[in-house]
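Working notes, structure below.
The values are calculated or read from the model by the stated rules, or taken from the named source; none is laboratory data. Values in this document were obtained by computation on a predicted structure and should not be read as measured data. Heads up, the Cβs are rebuilt from the backbone with ideal geometry, glycines too, and the neighbour counts pull from every protein chain shown. Each accessible area value is taken on the protein alone, full model and side chains, heavy atoms only, with ligands, DNA and RNA left out. Shrake-Rupley method; radii C 1.70, N 1.55, O 1.52, S 1.80 Å.
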Amino acid sequence: MLLAAQILAAIVLLLHVYFVLLETVLFRTRGAKVFGVPKNEIEMRAAAMSNQGCYNGFLVAAIALGLFYPDPAIARAFMIYGLVCVVIAGIWGAVTVSKRILFIQALPAALALAALFLAKA
């Protein structure tokens, strides 16, 4: 079950790397299209999206530490922290932006968390 948790967490990490790229360096091109931002609003939203991408980068860092930190106890703490933050952000995004976020962001992180807790049981 630990391997399943690690695979699911790696998927969440890769999704968030993609989000970071879409919200920062690719926002004016690919990101705006993916998020359905009208052309006349791209420049107005660019700074806020870049800021959001920065926060997603912190989630990537926490999950990466959870996957690669050499001390298993510290790695587990980082993994739990990162995944819980993703779940909370996904729920908030579903409430405030789009229900799709619940399935794209929160569900994979919740599955990874469940697998992680089942691995410890």
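Couple of notes before you dig in:
- Listed by first and then second residue, the pairs with beta-carbon distance under 7 Å, at least 6 apart or on different chains, first residue in the range 87-112 and more than 24 Å from residue 4 (Cβ to Cβ), second in a helix (DSSP H, G or I) and aliphatic (A, V, I, L, M), are 93/101; 94/101; 94/102; 94/106.
- Meets criteria (closer than 15 Å to residue 93 by Cβ, touching a Ser or Thr at 6+ places or on another chain (Cβ under 9 Å), part of a helix (DSSP H, G or I) and of a type in the set (Gly, Ala, Ser)) for residue 57: no
- Evaluated against (1) assigned to a helix (DSSP H, G or I); (2) open to solvent by 50 Å² or more (accessible area, probe 1.4 Å); (3) at pLDDT 95 or above, residue 29 falls short on exactly one condition, (3).
- Candidate set: the range 67-102, residues that are farther than 22 Å from residue 57 by Cβ and assigned to a helix (DSSP H, G or I); chosen: the one nearest to the chain's Cα centre (by Cα): 95
- Members of the range 38-91 that are open to solvent by 70 Å² or more (accessible area, probe 1.4 Å) and closer than 23 Å to residue 28 by Cα: 39, 40, 43, 44, 45, 47, 51, 52, 55, 58
- Among the residues making up the range 11-42, those that are of a type in the set (D, E, K, R) and touching a residue at least 12 places away in the same chain (Cβ under 8 Å) are 23, 28.
- Every listed requirement among (1) touching a Gly at 6+ places or on another chain (Cβ under 7 Å); (2) open to solvent by 90 Å² or more (accessible area, probe 1.4 Å) is met by residue 100 save one, (1).
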